[in-house]
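Student: There's a structure below that I have some questions on.
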Amino acid sequence: MFDDKDLEIGDVVQLVNADDGTVFGIAKITDISKKQLGNITADDFIGHENYKSIDKMYNVYRDFYGDRVDKNTEVKNHSLQARFKQTKFSRGFFFDQFSFVMT
């Protein structure tokens, strides 16, 4: 419903700093799973922002996607293998991460 990018396993994406638009790495999508928000467990939040309550989580998503977000809203969990750009402060490195995208 909300995923207009139609990302698939094998796609390569840029990792962009939302504050200033700089690209800080690239990632390859290695897995995609779908789940309704009402079925998300604590384990699904490993590597993600944690919320003080379920209501707070819904409110955050509603700020982005509008009032149509509820317990039946389906989200995609993208597993990524990422390579971050080397900076003068760090070496480049690989990282596995997950991200929710509304579908």
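Student: Looking only at residues that are modelled with pLDDT of 80 or more and β-branched (Val, Ile, Thr) in the range 41-63, which one is surrounded by the fewest Cβ atoms within 10 Å (Cβ to Cβ)?
Tutor: Result: THR41.
Student: For the range 22-52, name all the residues that are within 27 Å of ARG68 (Cβ to Cβ), in a strand (DSSP E or B) and of a type in the set (A, V, I, L, M, F, W, C).
Tutor: Scanning the range 22-52 gives ILE29, ILE32.
Student: Only one of (1) at pLDDT 85 or above; (2) over 13 Å from the mean Cα position of the chain (by Cα); (3) outside any loop (DSSP other than H, G, I, E, B); (4) of a type in the set (A, V, I, L, M, F, W, C) fails for ILE9. Which number is that?
Tutor: Only one criterion is unmet by ILE9, namely (3).
Student: Whether any residue in the range 73-83 is in a loop (DSSP other than H, G, I, E, B), modelled with pLDDT of 75 or more and either surrounded by 11 or more Cβ atoms within 10 Å (Cβ to Cβ) or not basic (Lys, Arg) (or both) is what I want to check. Reasoning before the result, please.
Tutor: At the first step, the residues of the range 73-83 found to be in a loop (DSSP other than H, G, I, E, B) are 73.
This time we only want the ones that are modelled with pLDDT of 75 or more, so: 73.
From the residues that got through so far, the ones that are either surrounded by 11 or more Cβ atoms within 10 Å (Cβ to Cβ) or not basic (Lys, Arg) (or both) too are 73.
Yes - at least one qualifying residue is present in the range 73-83.
The values are calculated or read from the model by the stated rules, or taken from the named source; none is laboratory data. Remember, predicted model here, so these are calculated numbers, not experimental data. Cβ: placed from backbone, ideal geometry, glycine included. Neighbour counts: every protein chain shown.
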